[in-house]
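Read the structure below first, then the notes.
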Amino acid sequence: MSGNDNSSESMSGLPAAHGKAPDWRIYRGTGRPLPDVNLAESLPPPPPWRVFAGEPLPASDEPPADDGEADRRLGSEFHLTERDIDPNEVDMVNAALYLRRPLLVTGPPGTGKSSIAFKIVRELGLGRVLRWPITSHTTLKEGLYLYDAIGRAQAAATRQIAAKADAIAGAHGSTEFLAELPIGEFVKLGPLGTAFLPRRLPRVLLIDELDKSEADLPNDLLGIFEDGEVNIPELARARDRTPEVSVFTDDPAATATIVGGSLRCRAFPMIVITSNGERDFPPAFLRRCLRLETRAPDAEQLAKMVANHLTDPDGELRNRLVREFVERSAETGGLPADKLMDAVYLATSGAYEAGDPSWSRLRDALWRELSSLVP
């Protein structure tokens, strides 16, 4: 790291934030694409204890293109600057990238926890986010892969019937139906399994609202976080007959080759885990994660977030709604920022008229305290 914090350019080729950003920062937190950054060159090698050697690497290692979800989450304009970003967020994301560790992001709803994953992919050109939304019924296996045993049995039965019919008609030999169906056609990697496919550059995986999971899931994740490896028993049992199997992945219309029934990452994925703080996690799980606590955006940040999504010719109306939202949020203990977006959109779409009592009622309904069930 350079000792000159006031240099205008960092070692990674990025301008220094406010003249104070350390040279080691790659992620800036604005969500603005950084086309001049080559992550393969900017990101240093992993620590020796986080080196993985997964194979085979794909012939084409371009990450799947973003499917528009980043624009939907962050907006298509770029008004946030490095001055608007929590420096702790920038530090912890960069530390997670360097150390190849998951990042556990906690904070109230609506403070931009999941948006961090989308800012990372858009800034660093890492394609689409792999999303794994967690519910109370989610299991580790669902995130890793799905094997459609019933579908395979039905397909085999259909082929057997067709082969017997052809044999009776004299069209084909009666043993043709005995040919085994490719098992890979019935295996699909989940978002977690896809994230750990061997690649030269890391994929970004969003594990959303882990605090909703059953008690065992955080502990179940420890092995893959530590070893960077996924085993698929159904493929391992068939590895003597078919050592290489092509399977579907969580990316649209994409496949990957798995050798020997297991896959291991080369570049450890950038994993963003969100939690609303509704439960505590086991110490062993916390030890393997870096931690970030998000803060509610202030009025200036909210105004720029709205401008990212909505081109509003009436800036005064937008600013007035932002001020009202901040006041209401303080009164209610915190409101998610998307409720402000809803109000601004309605207001700028013609629903707002000065002094109209119906607008006040609509705004109050939108900004009702989330924990209150009483009208």
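Read-outs: derived from the displayed coordinates by stated rules, not from any lab. No experiment lies behind these values; they were computed from the predicted model shown. Quick reminder, even Gly has a Cβ in these numbers, built from the backbone with ideal geometry, and neighbours come from all protein chains shown.
With a ≥ b ≥ c the root eigenvalues of the C-alpha gyration tensor of the range 27-97, is it rounded (a/c under 1.5), prolate (a/b larger than b/c) or oblate? Because a/c hits 1.5 or more and a/b fails to exceed b/c, the range 27-97 counts as oblate. Annotation: amide H of residue 291 within the under-5 Å range of 104, sequence separation 5 or more or interchain, hydrogens built in the peptide plane. Looking at this model, which pairs from 113/339; 113/212; 119/141; 113/141; 113/188 are more than 18 angstrom apart at the alpha-carbon? From 113/339; 113/212; 119/141; 113/141; 113/188, over 18 Å: 119/141; 113/141; 113/188. Using only the alpha carbons of the range 275-331, what is the convex hull's orientation-averaged projected area in square nanometres? Orientation-averaged projected area of the Cα hull: 5.6 nm². Distances between placed amide hydrogens fall under 5 Å for residue 134 paired with 208, all partners being 5 or more residues away or on another chain. The amide H of residue 271, built 1.01 Å from its N in the peptide plane, has 103, 205 as neighbours under 5 Å, considering only residues 5 or more places off or on other chains. Coupling constants for the range 240-256 follow from the phi torsions by the Karplus curve (6.51 cos²θ - 1.76 cosθ + 1.60, θ = phi - 60°), and in residue order they are 5, 7, 9, x, 10, 10, 8, 10, 7, 10, 6, 7, x, 6, 10, 10, 8 Hz; glycine and proline get x. If R0 is taken as 30 Å, the Cβ-Cβ distance between residue 331 and residue 84 corresponds to a FRET efficiency of 0.80.
Counting every C-alpha pair in the range 299-366, the share spaced more than 20 angstrom apart comes to 20%.
The modelled label-to-label distance for the pair residue 55/residue 71, using points 7 Å beyond Cα in the direction of Cβ, is 4.1 nm. Across the range 299-366, Cα pairs under 8 Å and at least six residues apart give a relative contact order of 30 percent. Put in order of Cβ neighbour count within 10 Å, fewest first, the listed residues 74, 130, 290 become 290, 74, 130.
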